[in-house]
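One structure is given here, and the rest of the page talks about it.
The values are calculated or read from the model by the stated rules, or taken from the named source; none is laboratory data. This is a predicted model, so every value here is computed, not measured. Cβ coordinates were reconstructed from backbone atoms using ideal geometry, including for glycine residues, and neighbour counts include every protein chain displayed.
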């Protein structure tokens, strides 16, 4: 393990940058809030997982043994954070005409594909909420036994008034929330901030996902899922919990409350939150735009790893302004790094001065833009090419850009390449008829043309 470097993270709970000291020397447990698998993950979702992959890689690079857990929420996440509205999974099921289980499988698989495309290391554990119903019931029973719950006609609720420092991470003004609270859908709630631990199935309605419990047939609340799964795999106290900054006021605040209600102590030592991707100055959404998927970016001719490079060029706490132009620049930079590849069979030493400078940046609250600046400083240095490449590959253990992987390109006949060049010129001249004609001509000779951002890719049929 690297001893000379002090690792620091901004802890949302203390609102300060703290020196990282793991609970167990040399080992780190991390829990990251995973996707609700009712629709395709978009680039805003995947931005967070690239950030937390960097976190895992930095810790591993510095010598820590890391156990990271990302959950799959496949039940219980209602449309409203206020425990009202339809279950997102049931909503997705109705929209697509598939069962809830089929929806969950479809979008979990898509999420896993995205992880692989972005070179995000598969987590140590990837638990599903529906596989941990017993653990959630057991946790609710502990909270109940400690006197923090009450029952309404629609579920079992956590009484936030009994938690003296409820809302401490978000610095919530509970009196103001109470004064400004609108009429709740469930008027039986004692306080606006109280939240559901277990929801009853509506009378006369058979849900696709429901289970027996000591309180009646129903399904778990969204918040209890994360606490049950994180503590099962990482223990009642673990090192790091990550998530988006939108989780702070409700989801993570409630995770803290229910964990303390069950165990009588803090759940997590360091809470780390990412900001958002914005598009044209607004958080990406259906209304503001920018809700592209990784598949969408690929259709536009971008490599998923170009998006990863783009994420690396931002700081996780500041977020990132997304644009197609910025993505083009990221792809250009990625291709430029690949050109430094050296394959002469010699073993070159990693330059320790550059390595230590790189470590100093990644250890300062994951300062990846500054770390990338070190990378380009290395590339522009007077070091021999082989030493540059060896050092770059070492840094890529954190960057995760797959720079060391060989990209095999098919040998394209010269005449086909010339036709493709002519077609590209026709496209630039907006001569679409000629472009289509040349595409079909190339196809008739056994090759397909795939259009990229400023060029094209040719492959044999």
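Tabulated results
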{"item": "Check on residue 344, part of a loop (DSSP other than H, G, I, E, B) and in contact (Cβ under 8 Å) with a residue 24 or more places away in the chain", "result": "yes"}
{"item": "Residue in segment 387-402 that is in contact with a strand residue (DSSP E or B) (Cβ under 9 Å, 6 or more places away or on another chain), outside any loop (DSSP other than H, G, I, E, B) and either closer than 15 Å to residue 55 by Cα or at pLDDT 95 or above (or both) present", "result": "no"}
{"item": "The listed residue being modelled with pLDDT under 95, farther than 30 Å from residue 357 by Cα and surrounded by fewer than 23 Cβ atoms within 10 Å (Cβ to Cβ), out of 79, 75, 37", "result": "79"}
{"item": "Segment 195-214 - residue that is assigned to a loop (DSSP other than H, G, I, E, B) and out of contact with any helix residue (DSSP H, G or I) (no Cβ under 8 Å at 6 or more places or on another chain) and, of those, modelled with the highest pLDDT", "result": "212"}
{"item": "Residues that are out of contact with any strand residue (DSSP E or B) (no Cβ under 7 Å at 6 or more places or on another chain), assigned to a loop (DSSP other than H, G, I, E, B) and farther than 14 Å from residue 49 by Cα, drawn from segment 294-318", "result": "300, 302, 303, 313, 318"}
{"item": "Number of the condition not met by residue 262 [criteria: (1) modelled with pLDDT of 95 or more; (2) within 26 Å of the chain's Cα centre (by Cα)]", "result": "(2)"}
{"item": "Which listed residue, of 335, 393, 366, is more than 18 Å from residue 5 (Cα to Cα) and surrounded by 13 or more Cβ atoms within 10 Å (Cβ to Cβ)", "result": "393"}
{"item": "Subset of segment 319-332 that is part of a helix (DSSP H, G or I) and touching a residue at least 40 places away in the same chain (Cβ under 8 Å) - its residue that is surrounded by the fewest Cβ atoms within 10 Å (Cβ to Cβ)", "result": "328"}
{"item": "Set 295, 306, 262, 257: member being under 17 Å from residue 45 (Cα atoms) and touching a residue at least 40 places away in the same chain (Cβ under 8 Å)", "result": "295"}
{"item": "Qualifying position, being assigned by TED's automatic domain parsing to the domain that holds residue 260 and in a helix (DSSP H, G or I), among 112, 98", "result": "112"}
{"item": "Matching residues, segment 115-133, being assigned to a loop (DSSP other than H, G, I, E, B) and over 11 Å from residue 70 (Cβ atoms)", "result": "118, 119, 132"}
{"item": "Conditions (1) more than 21 Å from residue 234 (Cα to Cα); (2) modelled with pLDDT under 95; (3) buried (at least 20 other Cβ atoms within 10 Å of the Cβ); number of the one not met by residue 144", "result": "(2)"}
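So that you can scan it fast, the table gives a plain yes or no per residue for (1) surrounded by 19 or more Cβ atoms within 10 Å (Cβ to Cβ); (2) modelled with pLDDT of 90 or more:
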{"site": "70", "(1), (2)": "yes, yes"}
{"site": "84", "(1), (2)": "no, no"}
{"site": "94", "(1), (2)": "no, no"}
{"site": "102", "(1), (2)": "no, yes"}
{"site": "107", "(1), (2)": "yes, yes"}
{"site": "118", "(1), (2)": "yes, yes"}
{"site": "121", "(1), (2)": "no, yes"}
{"site": "124", "(1), (2)": "no, yes"}
{"site": "127", "(1), (2)": "yes, yes"}
